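Inspection log for the structure reproduced underneath, given as structure tokens.
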Amino acid sequence: MSAEAVILLGAPGAGKGTMAEGIREAGNFIHVSTGDMLREAVKAGTPLGREAESFMSKGMLVPDETILKIVRERLSHGGAEAHYLFDGFPRTLAQARGLDAELSASGVTLKTVLLLDVPPALSVQRLTGRRICRQCGANYHVQNIPPRRAGVCDVCGGELYQRLDDRRETILKRLEVFQEQTAGLIAYYHERGQLQRVDSSGPREATVAEIIKRLQ
Ligand code: AMP
């Protein structure tokens, strides 16, 4: 078997991180979330983190070259049979082209691009209620996926927190940025016959099951 990649594309709040968590094991995927990588860098206070934070806190995109550099670095460790699951990357045409070049240079086939489709009002509802475990990164929602004990992770007992960029005004900015800079990728992958649309507005388990079926 050769190396393959799947891209999860969708607006903020479409459920990319949640779906990645649900399907990761089904395909033995290496989860590549540029958002998670950047948040780790911010937490560690590295030069990358300091650069990224100024964009992330405003709901803006981190520059393409910086993103391509961290993805390139991650791909260099994957191995010949790796299955990559890209979540939140690519987000611009330049990133998509950079990824194409990178994949062909490393002999990785782009298997499919899954567009997670949700209406904007649902994105806002999901993001304002989202809570994340500080320790293991598990995702919750105060109404849709509540933890057994408020503020505590079911998986590891870690503390749950709200991302700074999940404040309402930043969410609206992120949705605007998606329309302006990322939505063009839908046509890009559609024209190449690589795009599959998945309704991501229903319950988590139903969408996970649908995606796993499509990946088989
Ligand atoms: P996410 O966790 O995917 O919602 O990403 C959170 C934030 O990280 C975004 O709002 C951007 O500021 C930044 N970010 C994550 N991935 C990318 C990317 N591929 N290109 C540019 N910025 C990104």
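Restricting to the stretch 163-187, what's the tally of residues that are modelled with pLDDT under 95, assigned to a loop (DSSP other than H, G, I, E, B) and either touching a His at 6+ places or on another chain (Cβ under 6 Å) or more than 9 Å from the ligand (Cβ to nearest atom) (or both)?
Result for the stretch 163-187: 1.
Given the residues Ser76, Ser57, which is the only one that is among the small types (Gly, Ala, Ser), surrounded by fewer than 17 Cβ atoms within 10 Å (Cβ to Cβ) and touching a residue at least 60 places away in the same chain (Cβ under 8 Å)? First the steps, then the outcome.
Details: Ser76 fails: touching a residue at least 60 places away in the same chain (Cβ under 8 Å).
Answer to the check: Ser57.
(1) among the hydrophobic types (A, V, I, L, M, F, W, C); (2) modelled with pLDDT of 95 or more; (3) closer than 29 Å to Gly78 by Cα; (4) surrounded by 17 or more Cβ atoms within 10 Å (Cβ to Cβ): which one isn't true of Ala209, the others all being true?
(4) is the only condition that Ala209 fails.
Identify, from the list Ile70, Ile23, the residue that is modelled with pLDDT of 95 or more and more than 20 Å from Arg192 (Cα to Cα).
Ile70
What are the residues in the stretch 117-156 that are open to solvent by less than 50 Å² (accessible area, probe 1.4 Å) and part of a loop (DSSP other than H, G, I, E, B), if any?
Val118, Gly129, Gly137, Ala138, Pro147, Gly151, Cys153
Which of the residues spanning the stretch 142-160 are in contact with a strand residue (DSSP E or B) (Cβ under 6 Å, 6 or more places away or on another chain) and not small (Gly, Ala, Ser)? Break it down into steps so the answer makes sense when it comes.
First, the residues of the stretch 142-160 that are in contact with a strand residue (DSSP E or B) (Cβ under 6 Å, 6 or more places away or on another chain): 147, 151, 153, 158, 160.
Selection gives Pro147, Cys153, Leu160.
Conditions first: (1) closer than 26 Å to Met60 by Cα; (2) free of Cβ contacts under 8 Å to residues at least 40 places away in the same chain; (3) small (Gly, Ala, Ser). Gly88 passes all but one, so which condition is the exception?
(2)
Considering only the stretch 7-88, give the helices (runs of 4 or more DSSP H) lying wholly within it that have at least 3 residues that are near the ligand (Cβ under 7 Å from one of its atoms). Give the steps one after another, and end with the answer.
Values: elements: 16-23, 34-44, 47-56, 64-75.
Filter on the stretch 7-88 gives 34-44, 47-56.
Considering only the stretch 176-189, I want to know if a residue exists there that is exposed (fewer than 15 other Cβ atoms within 10 Å of the Cβ), touching a strand residue (DSSP E or B) at 6+ places or on another chain (Cβ under 8 Å) and of a type outside the set (Val, Ile, Thr).
There is no residue in the stretch 176-189 that is exposed (fewer than 15 other Cβ atoms within 10 Å of the Cβ), touching a strand residue (DSSP E or B) at 6+ places or on another chain (Cβ under 8 Å) and of a type outside the set (Val, Ile, Thr).
Can you name the condition, by its number, that Leu215 falls short on among (1) closer than 22 Å to Val42 by Cα; (2) open to solvent by less than 30 Å² (accessible area, probe 1.4 Å)?
Tallying (1) closer than 22 Å to Val42 by Cα; (2) open to solvent by less than 30 Å² (accessible area, probe 1.4 Å), Leu215 fails exactly one: (1).
Can you tell me which condition Lys111 does not meet? The list is (1) modelled with pLDDT of 95 or more; (2) more than 15 Å from the ligand (Cβ to nearest atom); (3) in a helix (DSSP H, G or I), and all the others hold.
Going through (1) modelled with pLDDT of 95 or more; (2) more than 15 Å from the ligand (Cβ to nearest atom); (3) in a helix (DSSP H, G or I) one by one, Lys111 breaks only (3).
The values are calculated or read from the model by the stated rules, or taken from the named source; none is laboratory data. What you see is a predicted model; the values in this text were computed from it and never measured. Glycine gets a Cβ as well: all are built from the backbone with ideal geometry, and neighbour counts include every protein chain shown. With ligands, DNA and RNA removed, areas are computed over all heavy atoms of the protein, side chains included. Shrake-Rupley method; radii C 1.70, N 1.55, O 1.52, S 1.80 Å.
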